[in-house]
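Okay, structure first, notes after.
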Amino acid sequence: MKITNVRAHVLRSQLPQPFAFSQGWVSSRGATLVEVETDEGITGWGEALCQGLQPPEIARSAIEHALKHLVIGQDPLQPEVLWHRMYHHTRDYGQKGAVIGAISGIDIALWDITGKARREPIAKLLGGMFRTRVQAYATGFYRVKGEGEARRLAQEAEGHMAKGFRALKIKLGFGVADDVAVMKEIWGVAKNQEVMIDTNHAYGVAEAIRLGRALEDMGWRLRWYEEPVVQEDLDGYSEVRRALATPIAGGENEYTLFGFKEVFSRRALDVAQPDICIAGGFTGCRHIVALAHAHGVQVNPHVWASAVGQAASLQLIAAIPIANHALFANDILLEFDTSSHPFREHLTDAPLRQREGWVDIPQKPGLGIEVDRKIIEKYTT
Ligand code: CA
């Protein structure tokens, strides 16, 4: 089998209601979808993640100008070999960010092709399924005003719980006093749920520790505290980690085994959160999972992509072992983005669905999805 073409589709849609996370206002959702065609009629799909403020055109440009010619004419059933080919050719200007996102999108599509050719879900090609379903947590709690929204956010928590979610991740990072007010209000409705917080690296070390201690003093036993400080400050991560009893999570802005090697060797994290659509695809995340395991760190992926990236994340999650085995170990949770994403729901024939807070992992070949080209055309920019 040979690769005959690689296409990058840029999709974008304005949001009816812009929302804020600690780093800025989001007014549109974008996606860079990757389509890889072969001479045997099998097509694979992948996605390069657009982080909150990232334009989808950057990854498309990397695919079209730097990567496409490296894989056309090659055998798609050798994704590991092609991953190294793409990484080596872009090393001197790549290594992180949208270039690795672009490699991730192509890698996911190659694994989709391989799964379809072998008639197996990708997780089985990675070594098998440790789980066939995963508990979802609701990611949401974005701001529509910015500050002073504690009551509305507590009501949002009640709404997610009414839909079946038993795990919630609260967006903080809007000032320690405002964050504490939010968590006091949410204590009243969700103190018995599995709760995480995420400040999207809004603070320096001192404020990050002040927030963590305030929540510990309030009685919160958080599952994790995500991105307390900027990703470049690994010593800062270690200081926050030593100062608190709460497990520290991060890694959605880190890339490949080379980036995570530094994170793990500096003892920066309890929970590593690579995103398959930007950290290196299945191949890159397989490396990261092994490295994390060697350092006793649990991988619990970040998931914020469209339906293609969500399907890839489910296959990855199925194949991740528990780092610290025990009969009643905490299992991996699926990040379930509840924010507005106009084209996600209709992009594939298998949009993400939760029942009583649980999501089944698809058992069909490859990613287990069919992509609707009409939706791609509708939202192509
Ligand atoms: Ca996050």
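The values are calculated or read from the model by the stated rules, or taken from the named source; none is laboratory data. Because the structure is a prediction, the values reported are computed rather than measured. Virtual Cβ from ideal backbone geometry, glycine too; neighbours counted across all protein chains shown. Each accessible area value is taken on the protein alone, full model and side chains, heavy atoms only, with ligands, DNA and RNA left out. Shrake-Rupley method; radii C 1.70, N 1.55, O 1.52, S 1.80 Å.
Once phi is turned into ³J(HN,Hα) by the Karplus curve 6.51 cos²θ - 1.76 cosθ + 1.60 with θ = phi - 60°, what whole-Hz value does each residue of region 19-28 show in order, with x for glycine and proline?
Per residue, the Karplus-derived 3J(HN,Hα) values read 10, 10, 10, 5, 9, x, 8, 10, 10, 8 Hz.
If DNA, RNA and ligands are ignored and the probe is 1.4 Å, what is the ranking of K169, K2 by accessible area, most exposed first?
Heavy-atom accessible area, descending, gives K2, K169.
Relative contact order of the chain: what whole-number percent is it, with Cα pairs under 8 angstrom and at least 6 residues apart?
21
Under 1.5 on a/c is rounded, so check that first for the chain, then, if it is not, pick prolate when a/b is larger than b/c and oblate when it is not; a ≥ b ≥ c are the square roots of the alpha carbon gyration tensor eigenvalues.
Prolate is the answer for the chain, as a/c is 1.5 or above and a/b outweighs b/c.
Beta carbons within 10 angstrom, averaged per residue: use that to sort the peptides 363-372, 100-109, 302-311, highest first.
Ranking the peptides 363-372, 100-109, 302-311 by packing returns 100-109, 302-311, 363-372.
Tally Lys/Arg at +1 and Asp/Glu at -1 over every other residue whose Cβ is under 9 Å from the Cβ of G115; what's the total?
Taking every other residue near G115 into account, the sum is +3.
Mind telling me which of P247, P16, P342 comes out most flexible in a GNM of the chain, alpha-carbon contacts under 10 Å?
P16
Which one, A249, A181, A318, has the greatest fluctuation when you compute a Gaussian network model over the chain with C-alpha springs under 10 angstrom?
A181
Where the accessible area of the chain is counted over protein heavy atoms with a 1.4 Å probe, how much of it, in %, is carbon and sulfur?
49
Which one of V229, V263, V299 has its Cα pushed farthest toward the positive end of the charge dipole of region 123-360, where Lys and Arg give +1 and Asp and Glu give -1 at the Cβ?
Positive-end residue among those listed: V299.
Quick one: order F328, F21 from most to least accessible surface, probe 1.4 Å.
If we order F328, F21 from most to least accessible, we get F328, F21.
Under 5 Å between amide hydrogens, which residues at least 5 positions from W358 or on another chain qualify, with H placed 1.01 Å from N in the peptide plane?
A136
Taking Cα atoms, how many degrees apart are the long axis of helix 150-162 and the longest axis of the chain, rounded to 10 and kept between 0 and 90?
Long axis of 150-162 versus the principal axis of the chain: about 60 degrees.
Under a plain spin-label model, where a point goes 7 Å from the Cα along Cα-to-Cβ, how far apart in nm are R210 and R119?
A separation of 6.3 nm, rounded to one decimal place.
Past the 21 Å Cα-Cα mark, which pairs from K145/K169; K145/K184; K2/K364; K169/K378; K2/K68?
Among K145/K169; K145/K184; K2/K364; K169/K378; K2/K68, the Cα-Cα distance tops 21 Å for K2/K364; K169/K378.
Treat every Asp and Glu Cβ in the chain as -1 and every Lys and Arg Cβ as +1, leave all other atoms uncharged, and give the resulting dipole magnitude about the Cα centre to the nearest 20 debye.
Using only the charged Cβ atoms, the result is roughly 500 debye.
Restricting to region 123-360, what percent of DSSP beta bridges are antiparallel, rounded to 5?
Here the share of antiparallel DSSP bridges comes out near 15 percent.
Once amide H atoms are built 1.01 Å from N in the peptide plane, which residues 5 or more positions from E120, or in another chain, come under 5 Å H to H?
When sequence neighbours closer than 5 places are left aside, the close amide H contacts are G366.
Mind pulling the angle between the C-alpha long axis of helix 234-243 and the longest principal axis of the chain? Nearest 10 degrees, somewhere in 0 to 90.
Value to nearest ten degrees: 40.
Just add up the charged neighbours of M218: K/R +1, D/E -1, any other residue whose Cβ is under 10 Å from the Cβ of M218.
Taking every other residue near M218 into account, the sum is +1.
Between 0 and 90 degrees, rounded to the nearest ten: what's the tilt of helix 205-218 against the longest Cα principal axis of the chain?
Taking Cα atoms only, the helix is inclined about 60 degrees.
Roughly speaking, what is the centre-to-centre gap between region 302-381 and region 74-120 when only Cα atoms are used, to the nearest Å?
19
Show the residues, 5+ positions off or on another chain, whose built amide H is closer than 5 Å to the amide H of Q74.
I3
Got a number for the accessible area of M161? Probe 1.4 Å, square angstrom, nearest 10.
40
Sorted by accessible area with a 1.4 angstrom probe, largest first, how do K261, K68, K374, K96 fall?
I get K374, K261, K96, K68, largest accessible area first.
Rounded to the nearest 10 Å², what accessible area does R266 show when all protein chains are kept and the probe is 1.4 Å?
Rounded to the nearest 10, that gives 80 Å².
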